[in-house]
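Engineer: Quick one: the structure is below, questions incoming.
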Amino acid sequence: MGLDAHAQSLTFDRYLYKYELATGGRERLDLGDGVRGAEPVFAARSDSSVDDDGFVLSFAHDENKNQSKFLVIDARNFEGKPLAEILLPQRVPYGAHGSWMPNEG
């Protein structure tokens, strides 16, 4: 069986989601028509931060412009406009992911 490289099966499509497990609530960030999100990660503001005090980080690809970008989203204003959209100099493939680790020094 070959590798599935279709954006629809490897990404969250045009939305990223934030779930509140205690209440069953869900927030949705619309990335726009033709923009496909990737696996987001959470970066806490500090070690003493409460649950969602921090940032959601994600790659996205605008298929209309063939442009990849890195998104920084305020986790407490998840459905609002991202704090930063950093255009990347080359294409980030679907399925790329990472993790966040605070600087210990």
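Engineer: Which of the residues belonging to the stretch 1-27 are modelled with pLDDT of 55 or more and in contact with a helix residue (DSSP H, G or I) (Cβ under 9 Å, 6 or more places away or on another chain)?
Structural biologist: D13, K18
Engineer: Out of all the residues in the stretch 19-55, which are under 17 Å from L87 (Cα atoms) and among the aliphatic types (A, V, I, L, M)?
Structural biologist: L31, V35, A38, listed by residue number.
Engineer: Another question, then. Got a number for residues in the stretch 15-34 being over 12 Å from L71 (Cα atoms) and assigned to a strand (DSSP E or B)?
Structural biologist: So in the stretch 15-34, the residues over 12 Å from L71 (Cα atoms) come out as 15, 17-28, 30, 32-34.
Filter again for assigned to a strand (DSSP E or B), leaving 15, 17-20, 25-28, 30.
The total comes to 10.
Residue-by-condition table, conditions (1) among the aromatic types (F, W, Y); (2) crowded, with 17+ Cβ neighbours inside 10 Å; (3) within 18 Å of R14 (Cα to Cα):
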| position | (1), (2), (3) |
| --- | --- |
| L31 | no, yes, yes |
| A44 | no, no, no |
| S48 | no, no, no |
| D51 | no, no, no |
| F55 | yes, yes, no |
| A60 | no, yes, yes |
| K69 | no, yes, yes |
| L88 | no, no, no |
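Engineer: Tally the residues that are farther than 16 Å from D30 by Cα and touching a helix residue (DSSP H, G or I) at 6+ places or on another chain (Cβ under 7 Å), restricting the search to the stretch 54-96.
Structural biologist: Number satisfying all stated conditions: 4.
Engineer: Which one is modelled with the highest pLDDT, of the residues in the stretch 42-56 that are part of a strand (DSSP E or B) and of a type in the set (G, A, S)?
Structural biologist: Filtering the stretch 42-56 for residues that are part of a strand (DSSP E or B) and of a type in the set (G, A, S), the one modelled with the highest pLDDT comes out as G54.
Engineer: Do any residues in the stretch 57-77 that are without any contact (Cβ under 8 Å) to a residue 60 or more places away in the chain and in a loop (DSSP other than H, G, I, E, B) have Cβ atoms under 6 Å from those of residues that are buried (at least 16 other Cβ atoms within 10 Å of the Cβ) and hydroxyl-bearing (S, T, Y), where the two are at least six apart or on different chains, and which pairs are they?
Structural biologist: none
The values are calculated or read from the model by the stated rules, or taken from the named source; none is laboratory data. The model shown is predicted, which means the values in this text are computed figures rather than measured ones. Positions of Cβ are generated from backbone atoms using ideal geometry, with glycine treated the same way; all protein chains shown enter the neighbour counts.
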